[in-house]
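The values are calculated or read from the model by the stated rules, or taken from the named source; none is laboratory data. The structure displayed is predicted, hence computed values, not measured ones. Cβ placement follows ideal geometry from the backbone for every residue including glycine, while neighbour counts extend to all protein chains displayed. For the accessible areas, the whole protein counts, side chains as well, though only heavy atoms, and no ligand, DNA or RNA atoms are used. Shrake-Rupley method; radii C 1.70, N 1.55, O 1.52, S 1.80 Å.
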Amino acid sequence: MFAAAALLTACGNKEYLKDIKAADYVTLGEYTGIEASAKEPVVEDGMVDLYIEMYIKPAYTTTEEVTDRAVETGDTVNIDYTGYIDGEVFDGGSATGASLTIGSKRFIAGFEDGLIGAEIGENVTLNLNFPDPYDPNPDLSGVPVVFEVKVNSIGKQIVPELTEDFVKSLNIEGVGTEKELRDYLYDNFYQSAVQTYENEIESTLTTAVMANCTFKKAPKKMEERFAKNIEDGMSAQAAVQQMTLVQYMKTYYNLDEETYKKQFAEDAAELAQQYIMYQAIADAEGLNPTEEEIQEEIAFRVENSHYESEDEYRKNSDIEMLREQLMRNKVMSFLKEKGKIETIAADEGQENQE
């Protein structure tokens, strides 16, 4: 479940594949001629336009203060409001200095439309009803409500156009025109689709090959190493959201600490068996990476990362795990070459779903 979160970071005193004989822990079954299929990688129509409209333009949209007209659809207004039910102020129905974009449908029906035409400083009375049903608070479903609203200010959103100057301001290497931006986004979406395709094929092959094998339990230290890598990976994702791991796992997966640690351990045990299986195939087929291949990969990573030197990379990275990952990649290439891989046409997949 969380195996993909494993990070390539250094943290010592663990058991690696080099420390064991893989054949002592797995008896290989058939691993050539394995069938796997996945839908061809495609970029759906409109994906690039959607990304531009939903992510790029909003990120660079500015608000310009308006002082010479009333509220219009699309404006962002600053308001104070108080809600009354049966003449009494109700909890959660009041705010000061609230920002609201007219047309966003953030508030109940009639609230935003009721502010259209209001002037700055004007007080507006809105006689409305909560929707029925009203999921946020079922007790308010269909209940009449009166909002007293004061318009403090009006702002007009200035949405950028894809001019050459704007595109250049995005600071994307090699991108200076609208066409180049669209091509860049398309290529990124396509590469993501290719990766999804490859992941599905590789997952199917791995599952099938494992089903043909007989395993002994992996060494405890190896399982602990993979569990720590998974935890480090998930912690890094949590840090991006400015959360602790406990907060992140509860928010996004609804798992408490005891449950997610148990899941990490289960995933790590399976991951350890996978890598032992890969290693046994690599040993049988002569697929272990050479020192030259490892050195080439390190040089590539240093060139395409924030590391200033190879020494810095080696100091902060787990080179043995890198070796294992390169071995795994060579084994997966071998399995795909020797397997029966079917690419399902995109339209065929849609027909099957229908």
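Got a sec? Which of Leu205, Leu181, Leu185 is closer than 30 Å to Ala345 by Cα, open to solvent by less than 70 Å² (accessible area, probe 1.4 Å), hydrophobic (A, V, I, L, M, F, W, C) and in contact with a strand residue (DSSP E or B) (Cβ under 6 Å, 6 or more places away or on another chain)? Give the derivation first.
Values: Leu181 fails: in contact with a strand residue (DSSP E or B) (Cβ under 6 Å, 6 or more places away or on another chain); Leu185 fails: in contact with a strand residue (DSSP E or B) (Cβ under 6 Å, 6 or more places away or on another chain).
Leu205 is the lone residue from the list that is closer than 30 Å to Ala345 by Cα, open to solvent by less than 70 Å² (accessible area, probe 1.4 Å), hydrophobic (A, V, I, L, M, F, W, C) and in contact with a strand residue (DSSP E or B) (Cβ under 6 Å, 6 or more places away or on another chain).
Assess whether Pro138 counts as being more than 15 Å from Lys156 (Cβ to Cβ) and surrounded by fewer than 12 Cβ atoms within 10 Å (Cβ to Cβ).
On the way: more than 15 Å from Lys156 (Cβ to Cβ): yes; surrounded by fewer than 12 Cβ atoms within 10 Å (Cβ to Cβ): yes.
Taking the combined requirement at face value, the residue satisfies it.
Here's the yes/no breakdown for (1) among the aliphatic types (A, V, I, L, M); (2) without any contact (Cβ under 8 Å) to a residue 60 or more places away in the chain; (3) part of a loop (DSSP other than H, G, I, E, B); (4) under 19 Å from Gly46 (Cα atoms):
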| residue | (1), (2), (3), (4) |
| --- | --- |
| Gly142 | no, yes, yes, no |
| Asn152 | no, no, no, no |
| Lys156 | no, no, no, no |
| Glu161 | no, yes, yes, yes |
| Phe189 | no, no, no, yes |
| Glu200 | no, no, no, no |
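So, in the stretch 208-230, of the ones that are among the small types (Gly, Ala, Ser) and closer than 25 Å to Ser333 by Cβ, which residue ends up most open to solvent (accessible area, probe 1.4 Å)?
Step one: list which residues in the stretch 208-230 are among the small types (Gly, Ala, Ser), which gives 208, 211, 218, 227.
Right, trim to closer than 25 Å to Ser333 by Cβ and you get 208, 211, 218.
Working: Ala208: 31, Ala211: 81, Ala218: 6 Å².
Across the stretch 208-230, the extreme among qualifying residues is Ala211.
Search the stretch 74-122 for residues being hydroxyl-bearing (Ser, Thr, Tyr) and more than 17 Å from Val145 (Cβ to Cβ), and hand back the single one that is surrounded by the most Cβ atoms within 10 Å (Cβ to Cβ).
Per the stated criteria, the residue is Thr76.
Please name all residue pairs, on different chains or six or more residues apart, with Cβ atoms under 6 Å, provided the first residue is in the stretch 314-342 and is within 22 Å of Gly233 (Cβ to Cβ) and open to solvent by less than 10 Å² (accessible area, probe 1.4 Å) and the second residue is part of a strand (DSSP E or B) and hydroxyl-bearing (Ser, Thr, Tyr).
Close Cβ pairs (under 6 Å, with a partner that is part of a strand (DSSP E or B) and hydroxyl-bearing (Ser, Thr, Tyr)) do not exist here.
Only one of Thr61, Thr76, Thr82 is in contact (Cβ under 8 Å) with a residue 12 or more places away in the chain, on the phi < 0 side of the Ramachandran plot and in contact with an Asp or Glu (Cβ under 7 Å, 6 or more places away or on another chain); which?
Checking each option against the conditions leaves just Thr82.
Can you run down the residue pairs with Cβ atoms below 7 Å, 6 or more apart or on separate chains, where the first is in the stretch 102-123 and touching a residue at least 24 places away in the same chain (Cβ under 8 Å) and the partner is assigned to a loop (DSSP other than H, G, I, E, B) and of a type in the set (S, T, N, Q)?
Hits for this filter: Ile102/Thr73; Gly103/Thr73; Ile116/Thr73; Ile120/Thr67.
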